Ligand code: AHM
Ligand code: MG
């Protein structure tokens, strides 16, 4: 009779994946795990906020903070406690916040992207990027050593890359992120389109041409949350997401540092492309924390076609 194999863990955890597959340096692994823990707490806050998610009063008449402020505070707390973070740049702060200039990494994040959708119970998310050292200004997104996001939808999903593929994890009932999909890929051609700042078609003729091209046979998938909309591209393995300029937002609505930079890193890691209409977003220099940029990201050929239409 042959002996039965020794018991093994049924799932690959995020920690195990960072250690054994990504071979992330210990400090980087800890920062990513701390962000995942912050995501778990943010999810809990979303689900348990008594007074409504956009700020209000609880049953005792006490004023509650808006959920995006709570998310920001949670993220800050975990980053401060990590001991590996020099500074951070958050959508909820005007300036970069210093923690410990001698620490090895700087973190950029949008604590709760799509927060205007929370009352409608749409999916929302947190975005992050990690740079080496204590400077963010003057760098470009290709210098990130990791990026990722947490998507709070019907399921809570954590997606990250440290430069060797893009991997997704599911938050299970025990509060553990377990491997869901390894090496997410983006095909060269797209069937789905996700057009942000669409009212710009009225004063951006190239964007109107892109829309006409999409209407001719492609399928619309747009929720209004960048995290959910780009996760759709990664999960389905194809698609294009845009947010380009018009008169209201000449550079588009989205920010380079903590929204477009991390997603450019992730989608290019998955084999897709990113552009600001001229060059890859990975090469775009960060000048200020609140810098906006046009973004066209997703399937390579579609990104090329849209960039061409925008210039036509
Ligand atoms: P937020 O960071 O204030 O939530 O805004 C960013 C969001 C993105 O998630 C989304 O792609 C975009 O705003 C939606 O804008 P619009 O409603 O103009 O399509
Ligand atoms: Mg945002």
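Numbers for the structure displayed
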{"item": "Footprinting exposure proxy for 21, 253 (fewest neighbouring C-beta atoms within 10 Å first)", "result": "21, 253"}
{"item": "Fraction of antiparallel bridges per DSSP, the chain only, in percent to nearest 5", "result": "80"}
{"item": "Fraction of beta bridges assigned by DSSP in segment 125-276 that are antiparallel (%, nearest 5)", "result": "75"}
{"item": "Neighbour-count order for 67, 295, 201, fewest beta carbons within 10 angstrom listed first", "result": "201, 67, 295"}
{"item": "Considering only segment 192-310, percent of DSSP beta bridges that pair antiparallel, nearest 5", "result": "55"}
{"item": "Sites residue 119 and residue 182 - FRET efficiency at Förster radius 51 Å, r taken between beta-carbons, to 0.05", "result": "0.90"}
{"item": "Residue order, fewest to most beta carbons within 10 Å, for 183, 231", "result": "183, 231"}
{"item": "Estimated 222 nm signal from helices in the chain, with DSSP H stretches of n ≥ 4 weighted -39500 (n - 2.57), rounded to 500", "result": "-8500 deg cm²/dmol"}
{"item": "For segment 116-169 versus segment 198-254, the gap between their alpha-carbon centres in whole angstrom", "result": "20"}
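Laboratory data are not the source of any read-out in this text; all were calculated from the coordinates shown. Since we're looking at a predicted model, the values are computed, not measured. Using ideal geometry, Cβ is built from the backbone for each residue, glycine included, and neighbour counts are taken over all protein chains shown.
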